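Enquirer: Below are the structure tokens for one structure; questions will follow.
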Amino acid sequence: MSQRAATIQSLPMAFEVVKAMQADGLEWDEDYRPLARQALAEIIEDQMASAVDRHLEGLDAEDAADRRNGYYRRHLLTTLGDIELSVPRTRRFTPTQVLRAYARRTPEIDRVMLAGFVLGLSTRKVGETLLAILGRPISAETVSRVAKTLDAAVAAFHRRPLKNQYTVLMLDGVVLARKTGAGALKRPVLVALGLRGDGKKEIIDFRLASSESAAEWERFLTDLYRRGLSGQGLDMICVDGGSGLLAALPTAFPGIPVQRCWAHKIRNVLNKVKKADQPAVKRALHKIMNAPNAPAARAAARKFANRFGDKYPAAVACLRNDLDELLTCFHYRSEDQRRRVRTTNAIERRFREVRRRTRPMGTFQDRTSMDRILFAVFNHENKSQGVSTPFLMTQNN
């Protein structure tokens, strides 16, 4: 290994040696890390000095004037730790391209930082995590700069242009909790999911709201419309039945048929029935929902009313008042298509993944950490559906 190391002349070659050592089961312990950092620093500084020499030699050929202007200190974070470099410069030139070539922080460190933010950790806790990995403290400023990389991606997701490429729009509000100085504060997340013509489901956008009022829903839906989601091509909109959302829909998407979510409706009806009778009532509701066509569904609804009307008039009224919108899904002849559009369960399933990831945290630290985690989960779900997000997340965002 020592003979091979003696031939190292570039940082990529040094990284190859590191990989080879790790492949052989050798790890960088505290005896090797300082020497490794010193060697990498010498390699990078030598490359920067060579870049300055080439710059000055090129000016001599062009008969232009410039001269050396000392050094300044800069830190490069790597998996081996923090490397402090002396960066040479002239009055008109600094070899920053050498540093850019090897990055301000190696991708592995950035991924650790971003993973910490996705898990809802504070900048202080992310710094503590990196301290154990790098063996050196990381400033809050450095961690915050990396956090802005993810925040820029979240902002781009919320701003991206939208297209009318959906046959069904699903809307729901799901309550999450976040920590405050006075305890946990519960707030809804408004979510729009689109079912595309190819059968893929895409989280279009989400918004942290103060309530599920008509005003909050209208702001969310108006933003979707402004960005290009005008509703053209939509067969229907599936909603959870909240009064605020129902009040906002005619303003944002007038004239589009509404499908009431069967999962929400069944829960609402069962809440008006004694526990002992709930299984029978639920089976009767499933006969309506799973009917082969709309006339058969209406016939099953009449049987439901005749059977339970005297004992549970409130439950029957709960069903009857929204029956037309519960049967909008029969626009589709295929049972499989109806099953896909008659509930907002696709949104609920994605929030189960959010809660699974955040269960060890208990609640979210703040709005920013909520936004990051929701974006990370929803973007991952979109990718698993084969739905590409039309923006890139890079360190320059």
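Enquirer: Quick check, is A147 in contact with a Phe, Trp or Tyr (Cβ under 7 Å, 6 or more places away or on another chain), at pLDDT 80 or above and part of a helix (DSSP H, G or I)? Quick ask: steps written out before the conclusion?
Expert: On the way: in contact with a Phe, Trp or Tyr (Cβ under 7 Å, 6 or more places away or on another chain): yes; at pLDDT 80 or above: no; part of a helix (DSSP H, G or I): yes.
Spelling it out, it is not the case that A147 is in contact with a Phe, Trp or Tyr (Cβ under 7 Å, 6 or more places away or on another chain), at pLDDT 80 or above and part of a helix (DSSP H, G or I).
Enquirer: Just the residues that are assigned to a helix (DSSP H, G or I) and either at pLDDT below 95 or surrounded by fewer than 19 Cβ atoms within 10 Å (Cβ to Cβ) (or both), please, taken from the stretch 219-235. Give the steps one after another, and end with the answer.
Expert: Taking the stretch 219-235 and keeping what is assigned to a helix (DSSP H, G or I), we get 219-226.
Within the stretch 219-235, R219, T222, D223, Y225, R226 meet the criteria.
Enquirer: When C238 is evaluated against the numbered criteria (1) open to solvent by 20 Å² or more (accessible area, probe 1.4 Å); (2) assigned to a strand (DSSP E or B), which criterion, by number, is the only one it fails?
Expert: (1)
Enquirer: Let me ask you something else. Please identify the pairs in which a residue from the stretch 34-59 that is small (G, A, S) has its Cβ atom under 6 Å from the Cβ atom of a residue that is assigned to a helix (DSSP H, G or I) and buried (at least 18 other Cβ atoms within 10 Å of the Cβ), counting only partners at least 6 apart or on another chain.
Expert: Pairs that qualify, where the first residue is small (G, A, S) and the partner is assigned to a helix (DSSP H, G or I) and buried (at least 18 other Cβ atoms within 10 Å of the Cβ), are A51/V98.
Enquirer: Of the residues that sit in the stretch 125-137 and are modelled with pLDDT of 70 or more and β-branched (V, I, T), which one is surrounded by the fewest Cβ atoms within 10 Å (Cβ to Cβ)?
Expert: T129
Enquirer: If you don't mind, there's one more thing I want to ask. Consider the stretch 58-70. How many of its residues are open to solvent by 70 Å² or more (accessible area, probe 1.4 Å) and at pLDDT below 85?
Expert: Selection size over the stretch 58-70: 5.
Enquirer: Filter the stretch 285-294 down to the residues that are surrounded by 14 or more Cβ atoms within 10 Å (Cβ to Cβ) and of a type outside the set (A, V, I, L, M), then identify the one that is farthest from N271 (Cα to Cα).
Expert: Here the residue is N290.
Enquirer: With the condition kept exactly as written, say whether any residue in the stretch 249-272 is crowded, with 18+ Cβ neighbours inside 10 Å and basic (K, R).
Expert: Yes, the stretch 249-272 contains at least one residue that is crowded, with 18+ Cβ neighbours inside 10 Å and basic (K, R).
Enquirer: What helices (runs of 4 or more DSSP H) completely inside the stretch 295-383 contain at least 1 residues that are modelled with pLDDT of 95 or more and surrounded by fewer than 20 Cβ atoms within 10 Å (Cβ to Cβ)?
Expert: Working: elements: 313-320, 323-326, 335-341, 345-358.
Per the criteria, 313-320, 323-326.
Enquirer: Any chance you could count how many residues in the stretch 254-291 are over 24 Å from E335 (Cβ atoms), among the charged types (D, E, K, R) and touching a residue at least 40 places away in the same chain (Cβ under 8 Å)?
Expert: Within the stretch 254-291, residues that are over 24 Å from E335 (Cβ atoms), among the charged types (D, E, K, R) and touching a residue at least 40 places away in the same chain (Cβ under 8 Å) number 1.
Enquirer: Please go through the stretch 292-313 and pick out each residue that is free of Cβ contacts under 8 Å to residues at least 12 places away in the same chain and not aliphatic (A, V, I, L, M). Lay out the reasoning, then the answer.
Expert: Of all residues in the stretch 292-313, those free of Cβ contacts under 8 Å to residues at least 12 places away in the same chain come to 295-296, 299, 302, 306, 309-310, 313.
Scanning the stretch 292-313 gives P295, R302, N306, G309, D310, P313.
Enquirer: A further question follows. Just to be sure, is G199 closer than 18 Å to N345 by Cα, in a loop (DSSP other than H, G, I, E, B), small (G, A, S) and open to solvent by 20 Å² or more (accessible area, probe 1.4 Å)?
Expert: In short, yes.
The values are calculated or read from the model by the stated rules, or taken from the named source; none is laboratory data. Computed from a predicted model, the values in this text were never measured in an experiment. Heads up, the Cβs are rebuilt from the backbone with ideal geometry, glycines too, and the neighbour counts pull from every protein chain shown. All accessible areas refer to the heavy atoms of the entire protein, side chains included, with ligands and DNA or RNA removed. Shrake-Rupley method; radii C 1.70, N 1.55, O 1.52, S 1.80 Å.
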